[in-house]
Amino acid sequence: MAVDRAPLLDRQLLDGLDLLAAGPVRTPLDLDAPIRAGSTLSARTAIDLFDAQAASRHLDLAARALRARGEGFYTIGSSGHEGNAAVAAALRATDPAFLHYRSGAFFVARARQVPGQTPLLDILLGLCASIDDPIAGGRHKVFGSAALAIPPQTSTIASHLPKAVGAAVALDRATRLGVETSAPADAIVVCSFGDASANHSTATGAFNAAGWTAYQNLPVPILFVCEDNGIGISVRTPDGWIAASHGARPGVRYLWADGLDLAHAYDAARIAVDHVRATRRPAFLHLRTVRLLGHAGSDVEQTYRPLDEIEAAEAADPVLATARLLVESGARTAVQVRRQYEDLRDRVAALADEAAGRPRLRSAVEVMAPLAPRDPVAVAAEVARPTPDAARVAFWSGKLPEQERPAHLAVHINRALGDLLARYPELIVFGEDVARKGGVYNVTAELSRRAGVGRVFNTLLDEQSILGLAIGAGQLGLLPIAEIQYLAYLHNAEDQLRGEAASLQYFSAGQYRNPMVVRIAGYAYQKGFGGHFHNDNSVAVLRDIPGLVIASPARGDDAAAMLRTCVAAARTQGSVCVFVEPIALYMTRDLHDPGDGLWTSAFDPHAAHVALGAARRHGDGKDLLIVSFANGLWMSLRVARRLERDHGLASRVLDLRWLAPLPVDDLVREAEAVGRVLVVDETRRSGGVSEAVIAALVDRGFQGSIERVAAHDTFIPLGAAAKHVLVSEADIERAALAMCGRRPLATVAP
């Protein structure tokens, strides 16, 4: 039968103190003297850090007691990792800290550096999922605090590392740009994680991105802290693996620290912190720890770990080791240490009872309140706020975009980006190839030359790092616009949007945010080029992310206006926006006939605001409503003209423009006005946009007829074979005629 090791571990510490009390009497140590010869850790600081370590241990014990009473909901503890308190002491409380989930002692130690903090109660409120939890408001148990510069992390697999690297890169870049951030100019970023998580592809990408950047002598002031306890749940980390795999990374200094020895951990952390702060280059602090009490309260580690190994780990208890250090140095007597430990037990127990009685979330409205705040008035006002004429004239070298001839989609996006760069000094544009080359499709051409390489710049080829940079930069106060070259390239990095970017306001009750816009070249219909990786029509993974804004313009004038809206929403609301651009329409100029120029328009810097979730209607026919977006809009408008010319059917076409939030009110209004709805969905039949459109109509009680044409549920093949699986104009026309009870002509135009 499994034995609860928690009381045994607690008893071991008390027995150890009894042994120390029975030992020789030590000469009292001056509290301002080093705790040990040659160490920079003073006795006074060591006493304070023991307090943080012991508090973290009692919080772990309280978490298990609360869970046993049905009053707590989280038992992944920090026992064995209490050496991270030394890292907290080596840092400043203003250094942004992206913390591992075993960072209880770090959190308590940092809170002691800032007056007015109540870390013990705060953590207990999180354990009890109370709405009074000051960081997450009962939505999750996280280590986080705006006052302590600790943004909340929910990651257990190191997915927070890319944004930590992004924040580090953004720190010095913002300083060079003269943009004020939420951290001091000489701050550094610290990011902690476990040895098992260090193997995750997300983590290795982050280490590589930091080294790649530093290798080019660009500043990346980040301290990686690997808390190595030698095991990931039940899977062992090979002995020596972390040192072997991280000891000689280009551009990243490696240091080892014994987290079971407080003085050694503190001295090594000081060296690492001072190196990062002085050189603005990354360091990797390999902190030895042990895992005590299993992975979590529900983990019966005796089933996969020999008893002698468990007992050996318990014998290395860092809290007991610090108690021994205090007593043997003369900084404290065993009686004083025991009183300190027991006083903390009583305080934590009383606070746990208080936390258990605090209220919890009571409704869906309360749960969702910080998810994605929307203030249309504020967004519209930000869009309407004029850019100084002088700034635009200077940026465009005197030739303003509105003075040019009507242009296609790619040019409108370029000019809108330029105006935004002229308007917002904190705005940065980045991604693979966006600078000198101007992007794969020339959409960002000349922007780097005009704005400077500090604001429009290339990144390494790693989508997780690109998105991580956007998250970290936005969190610090910059306004990032990141580019992902193709929609298919997003999927390996999508969790950076789902698990990190879109969740931050939710898990911080709105105290933290990472405003950002991600431009993605997407969809299919490229002629003579592509195959799956350059023709991807899957947006289901984006539509599944709570609170995410998804813009999908088809025309240049809409694209420019919608991009302004996205940036305004990001700046004023902290919105996370994805801007999906149809590649096949980038250079399209004509709609119906060669040379008609109907898919171009003049650039208008003062165009009417396009609100989030606002559709656009083309035509006012009463026979049929065609609902579409992106490439589907272009095809639908062509079909609509043929329906009227060849069959006398008057249709109207509704461009959704926004895939999230979906323009439901506009959709229902137009559907009710016509009574017949044909949804043209270039994305896939399963998981595509048409499912949401039809569900919205049904939910709102629409009684008319609904049909859809959608792409097949397949990857997109190379060359002409793509025509077999994508929506065509012929498909649209056949479906429209069938809905209206008309027979098609002998041949239907392609």
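The values are calculated or read from the model by the stated rules, or taken from the named source; none is laboratory data. Bear in mind the structure is a predicted one, so any value in this text is a computation, not a measurement. So basically every Cβ, Gly included, is an ideal-geometry build from the backbone, and we count neighbours across all protein chains shown.
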field: Only one of ALA584, ALA560, ALA554, ALA570 that is among the small types (Gly, Ala, Ser), touching a helix residue (DSSP H, G or I) at 6+ places or on another chain (Cβ under 8 Å), more than 24 Å from GLU402 (Cβ to Cβ) and buried (at least 24 other Cβ atoms within 10 Å of the Cβ)
entry: ALA570
- prompt: Across the stretch 250-307, what is the total count of residues that are touching a residue at least 40 places away in the same chain (Cβ under 8 Å), within 30 Å of GLY72 (Cβ to Cβ) and either of a type outside the set (Asp, Glu) or crowded, with 24+ Cβ neighbours inside 10 Å (or both)?
  reply: 21
- request: Restricting attention to helices (runs of 4 or more DSSP H) lying wholly within the stretch 35-125, give those where 1 or more residues are buried (at least 22 other Cβ atoms within 10 Å of the Cβ) and modelled with pLDDT under 95.
  value: none
query: Quick check: is even one residue across the stretch 537-548 of a type in the set (Asp, Glu) and within 19 Å of SER628 (Cα to Cα)?
result: no
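Do any helices (runs of 4 or more DSSP H) entirely within the stretch 312-380 hold 2 or more residues that are among the β-branched types (Val, Ile, Thr) and farther than 27 Å from THR289 by Cβ, and if so, which? Lay out the reasoning, then the answer.
Details: elements: 318-329, 334-356, 364-368.
Qualifying helices (runs of 4 or more DSSP H): 364-368.
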field: Which listed residue, of ARG345, ARG338, ARG374, ARG385, is of a type in the set (Lys, Arg), out of contact with any Asp or Glu (no Cβ under 9 Å at 6 or more places or on another chain) and in contact (Cβ under 8 Å) with a residue 24 or more places away in the chain
entry: ARG374
field: Within the stretch 505-619, strands (runs of 3 or more DSSP E) holding 1 or more residues that are of a type in the set (Phe, Trp, Tyr) and closer than 26 Å to ARG415 by Cβ
entry: 576-582
query: Within the stretch 370-386, can you find the residues that are surrounded by 14 or more Cβ atoms within 10 Å (Cβ to Cβ) and either touching a Phe, Trp or Tyr at 6+ places or on another chain (Cβ under 9 Å) or modelled with pLDDT of 95 or more (or both)?
result: PRO370, LEU371, ALA372, PRO376, ALA378, VAL379, ALA380, GLU382, VAL383
Residue under evaluation LEU591, criteria (1) in contact (Cβ under 8 Å) with a residue 60 or more places away in the chain; (2) surrounded by fewer than 18 Cβ atoms within 10 Å (Cβ to Cβ), criterion not met: (1)
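A quick yes/no check of all residues on (1) closer than 19 Å to ARG543 by Cβ; (2) surrounded by fewer than 24 Cβ atoms within 10 Å (Cβ to Cβ); (3) in contact (Cβ under 8 Å) with a residue 12 or more places away in the chain:
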{"site": "ASN442", "(1), (2), (3)": "no, yes, yes"}
{"site": "GLY454", "(1), (2), (3)": "no, yes, yes"}
{"site": "SER465", "(1), (2), (3)": "no, no, yes"}
{"site": "GLU494", "(1), (2), (3)": "yes, yes, yes"}
{"site": "GLY510", "(1), (2), (3)": "no, yes, yes"}
{"site": "ARG519", "(1), (2), (3)": "yes, no, yes"}
field: Residue among LEU409, LEU469, LEU420 that is in contact with a strand residue (DSSP E or B) (Cβ under 6 Å, 6 or more places away or on another chain) and surrounded by 19 or more Cβ atoms within 10 Å (Cβ to Cβ)
entry: LEU420
message: List pairs: first residue in the stretch 32-52 and over 13 Å from HIS264 (Cα atoms), second residue part of a strand (DSSP E or B) anywhere in the structure, Cβ distance under 7 angstrom, at least six positions apart or on different chains.
response: ASP32/SER42; ALA33/SER42
statement: Filtering the stretch 324-365 down to residues that are closer than 23 Å to ALA63 by Cα and touching a Lys or Arg at 6+ places or on another chain (Cβ under 8 Å) yields GLN340, ALA356, LEU361
message: Quick check on the stretch 499-518. Is at least one of its residues aromatic (Phe, Trp, Tyr) and closer than 25 Å to GLY719 by Cβ?
response: no
query: Restricting to the stretch 263-307, what's the tally of residues that are part of a loop (DSSP other than H, G, I, E, B) and in contact with an Asp or Glu (Cβ under 8 Å, 6 or more places away or on another chain)?
result: 7
- prompt: Applying the selection to the stretch 160-209, what residues are within 18 Å of LEU460 (Cα to Cα), of a type in the set (Gly, Ala, Ser) and surrounded by fewer than 24 Cβ atoms within 10 Å (Cβ to Cβ)?
  reply: SER201, GLY205
